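The values are calculated or read from the model by the stated rules, or taken from the named source; none is laboratory data. As the structure is a prediction and not an experimental result, all values here were calculated from the model. Please note: Cβ atoms are built from the backbone with ideal geometry, for glycine as well, and neighbour counts cover all protein chains shown. Note: accessible area is taken over every heavy atom of the protein model, side chains too, but ligands, DNA and RNA are not part of it. Shrake-Rupley method; radii C 1.70, N 1.55, O 1.52, S 1.80 Å.
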Amino acid sequence: MTTIITNIKQLVNVRTENKLLRGSELANLPIIDNAYLVVQDGLIKDFGEMKKLSTVDSLQLTENIIDSSGATILPTYCDSHTHIVFAASRESEFVDKINGLTYADIAAKGGGILNSANKLANTSEEDLYNLAYKRLQEVIKLGTGAIEIKSGYGLSVDAEIKMLRVIKELKKNAGIPIKSTFLGAHAFPIQYKENKQAYVNLILKDMLPTIEKENLADYIDAFCEQGFFDIAQTETICKAGINAGLKVKIHANQLSSTGAVQLGVKLNALSVDHLEIMDDDAIKSLASSNTIGTLLPTAAFFLRMHYQPARQLIDAGCAIALASDFNPGSSPSGNMNFVNAVSCIQMKMLPEEVINASTINGAFAMEVENEVGSISVGKKANLIFTKDIPSLAYLPYSFGSNLIDKVMINGVFMNQNNS
Ligand code: NIG
Ligand code: FE
């Protein structure tokens, strides 16, 4: 089946070369004004300027013409850091924070990640799947066309495996590329408070072998932070993950400067994520590496923390991606349009930079760059059709409006109304 989409006001992020963007390259967003796009069997087959369309042979063979009548079309967002498998929301902690408690205070009194783990332990695999599937549908309608999902609210062998099986099932049914990350090292369960090594051993000796055997994860992650996993524990766990065939991602420098960025670089991590608290050494280390810095500004927004120093990172030449961190504790939203708006408003990233960081670089941060992340021949027709907007900058500028008219996944429009 071939479809030609005509009269596209702007076709955004058109690329022939598949390349991770670093530093000043992020500001270069290739666009074709007044364009057409050909979709065949769910993939992008061709595109170009409208005025050249009459010479395209495929026009004669086309079964289907969609007049986009002035929509801007972008590749769907690639959200490379989420925790969308969770059992329940945590808005009472949100109120606790309004009343003055910090994220660390809440964690210390058994709230936070441990609160989510308690709820998840008592939720069936089927219920967890249904809850996560619903969230997935919601974020696809908001423009996400590829996603990474972490475990980490299990914290026992059974519950971690249960989460990863849910992600495996989502991979089968979701229709968009999904990557799975094992985050057993998210927090120490209460019963291991006095014997943390025993929990590390559980990860190494009980969780990882099952995960490897059942092929349940693509990546290993750890929350490297004071009160959570220290550098030595993070290194041990990540190395065991590497031995089990998993690439590394690290929750790094969210609440303090821990050396986790440098550790990630040393372990050739695919990405180090968060990066609210950076020093010169961490920035230099990241800039001179192949590791992607994934910024999660809506977590900083929600927790009233320092925003990531995006300008410094870009000026130093780092490869930057943007992701939502969708989770019940620190970023209860998977709205990538809002992530982009906050990145422009609070981190002074340019509209072109945020689109590159949330599409092509997000794709690289979960190794799906050959399938999605740009308008390129052979990639999936996973596309955002905007409402009538005066310019691309209007998207992050008009931060409270939903400017997405339609989302196409594998060449088929999502139903924007039903779930
Ligand atoms: O990425 N920082 C650690 N993990 C999550 C928060 C998880 C939670 O509070 O439930 C994050 O922000
Ligand atoms: Fe996270």
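Couple of notes before you dig in:
- Hey, TYR192 free of Cβ contacts under 8 Å to residues at least 12 places away in the same chain and not small (Gly, Ala, Ser) or not: yes
- So ALA323, is it small (Gly, Ala, Ser), in contact with a His (Cβ under 7 Å, 6 or more places away or on another chain), touching a residue at least 40 places away in the same chain (Cβ under 8 Å) and within 16 Å of ligand 1 (Cβ to nearest atom): yes
- Residue check, THR6 farther than 30 Å from ILE250 by Cβ, in contact (Cβ under 8 Å) with a residue 60 or more places away in the chain and touching a strand residue (DSSP E or B) at 6+ places or on another chain (Cβ under 9 Å): yes
- Looking only at segment 321-342, residues that are within 20 Å of HIS83 (Cα to Cα), among the small types (Gly, Ala, Ser) and outside any strand (DSSP E or B) come to 6 in all.
- Residues being more than 16 Å from ligand 2 (Cβ to nearest atom) and in contact (Cβ under 8 Å) with a residue 60 or more places away in the chain are entirely absent from segment 155-163.
- Conditions (1) open to solvent by 10 Å² or more (accessible area, probe 1.4 Å); (2) of a type in the set (Val, Ile, Thr); (3) more than 21 Å from GLY362 (Cα to Cα); number of the one not met by VAL200: (1)
- Flag for SER89 being modelled with pLDDT of 95 or more, polar (S, T, N, Q) and within 15 Å of ligand 1 (Cβ to nearest atom): yes
- Of all residues in segment 267-305, those satisfying the criterion of being of a type in the set (Asp, Glu) and within 16 Å of ligand 2 (Cβ to nearest atom) are ASP273, GLU276.
- Of all the listed residues (GLU148, GLU138, GLU91), the sole one being farther than 27 Å from SER374 by Cα and not assigned by TED's automatic domain parsing to the domain that holds LEU20 is GLU91.
- Any hit, segment 30-44, residues being surrounded by fewer than 21 Cβ atoms within 10 Å (Cβ to Cβ) and charged (D, E, K, R): yes
- Yes/no for LYS119 being open to solvent by 40 Å² or more (accessible area, probe 1.4 Å), modelled with pLDDT of 95 or more and either in a helix (DSSP H, G or I) or within 16 Å of ligand 2 (Cβ to nearest atom) (or both): yes
- Checking ASN337 against (1) over 13 Å from the mean Cα position of the chain (by Cα); (2) more than 16 Å from ligand 2 (Cβ to nearest atom), the condition it does not meet: (1)
- When each of LYS162, LYS172, LYS150 is tested for being out of contact with any strand residue (DSSP E or B) (no Cβ under 8 Å at 6 or more places or on another chain) and either buried (at least 16 other Cβ atoms within 10 Å of the Cβ) or closer than 25 Å to LEU255 by Cβ (or both), the lone residue that passes is LYS162.
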